[in-house]
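Report on one structure; see the data block that follows.
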Ligand code: ADP
Ligand code: MG
C-alpha cells in the first residue's frame, strides 16, 4: 500500500511545492510509482509538473461524484501521476468545514487509488486550514520544509502543535518524517545559522541533504518541467536526487 506523505507549512513561498514536485519527479526517475496530489487552489504543483486540471481535480474527488482513478492526469515526469487542482478547490475546502467528517474526507477519497502507488505526496496549501488538516489526517508521514532564509521557530512550533493535535484526535499513525532545509544558500549567514540551530535541536529529524536555492530550480518551476527533468546534472537536480535516496533509505530502515 502506498505511503502518503504531506508537506505542510502555514506560510507561502517556503519552497513546499518545489520540494514536493521535484521529490515526486526524482522518486519517479528512481522507478517508484508516484501520485502527486495538488492541494492548493492556485494549482502551482499542477503547472510545475507540466499538467493541467482538464482531466479532473481534487475538488471532484472530494465531491464524491467521481472515482479517484478516473481523475488522474499524466505528467511530464516518468512514473508520476497527478491529482490536479484549480480554483474550484477553494469552494471544496469551505464545503469540508461544514461537512460531517470533513477531516477524514480526503483520507477516504484517496483509499481507492493509493494502493496503485508506492508514494503519494500531498502538496499542501499555505495555511493550517481544512485541507492541510485533511492532508495530515490522510497521511502516514509528514515532511516539513523549512525556508532557510526566513526561518521562524514560532511557525515551526505552531506547525508541530497542529501535527500533534491531528495525531491525538484524528490520525494516531502520523509520523514526523523529518525536516528538509530549502532555499539554502551556503554563503548566507542566516542559512548557516538556521541549519546549525535545527541540527542542534532536532538532529535526528533534519535531513542530511539540503535543497540549495538555484536559478535553474526556479526556472523549472516556471516552465512546467521540474529541474530534475529539465537539467538532471544541475546542482538543484542532484540535490533532489540525493533527497529521494535519503527519503527511501529512511523508509526502509
Ligand atoms: P510554496 O509552495 O511554499 O509557496 P514554492 O515552492 O512555490 O513555495 O516556491 C516559491 C518560489 O520560490 C517559486 O517562485 C519557486 O520557483 C522559488 N523556489 C522554491 N524553491 C527554490 C529553490 N530551491 N531554488 C530556487 N528557487 C526556488
Ligand atoms: Mg505551494
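Taken together, the values in this text are just the output of simple stated rules run on the coordinates, not laboratory data. Everything numeric here is computed off the predicted structure, so don't read it as measured data. So basically every Cβ, Gly included, is an ideal-geometry build from the backbone, and we count neighbours across all protein chains shown.
Here r is the Cβ-Cβ distance between residue 63 and residue 189 and R0 is 51 Å; the resulting FRET efficiency, rounded to 0.05, is 0.60. What the Cβ-Cβ distance of residue 161 and residue 54 gives, at R0 = 30 Å and to the nearest 0.05, is a FRET efficiency of 0.20. Quickly work out the residue 199-to-residue 251 label distance, labels modelled 7 Å from Cα along the C-beta direction, and quote it in nm with one decimal. Calculated label separation equals 2.6 nm.
Full extension of the segment from residue 168 to residue 30, taken as 0.36 nm per residue of separation minus the current Cα-Cα distance, would add 46.2 nm.
Ordering 108-119, 186-197, 89-100 by mean Cβ neighbour count within 10 Å, with the highest value first, yields 108-119, 89-100, 186-197. Taking the DSSP bridge list for the stretch 6-132 and keeping only pairs wholly inside it, about 15 percent are antiparallel.
Peptides 80-88, 239-247, 159-167 ranked from most to least packed give 80-88, 239-247, 159-167, packing being the mean of other C-beta atoms within 10 angstrom over each peptide's residues. Take 11-20, 173-182, 135-144 and order them by the average number of nearby Cβ atoms within 10 Å per residue, most first; the result is 135-144, 11-20, 173-182. Based on the Stokes-Einstein relation at 37 °C and a viscosity of 0.692 mPa s, and on the Kirkwood radius from alpha carbon pairs, the chain is assigned a translational diffusion coefficient of 184 µm²/s. Between the stretch 1-31 and the stretch 119-153, the C-alpha centres lie 9 angstrom from each other. Were the residues from residue 94 through residue 3 laid out at 0.36 nm apart, the gain over their Cα-Cα distance would be 30.1 nm. The antiparallel fraction among DSSP beta bridges confined to the chain stands at about 5%.
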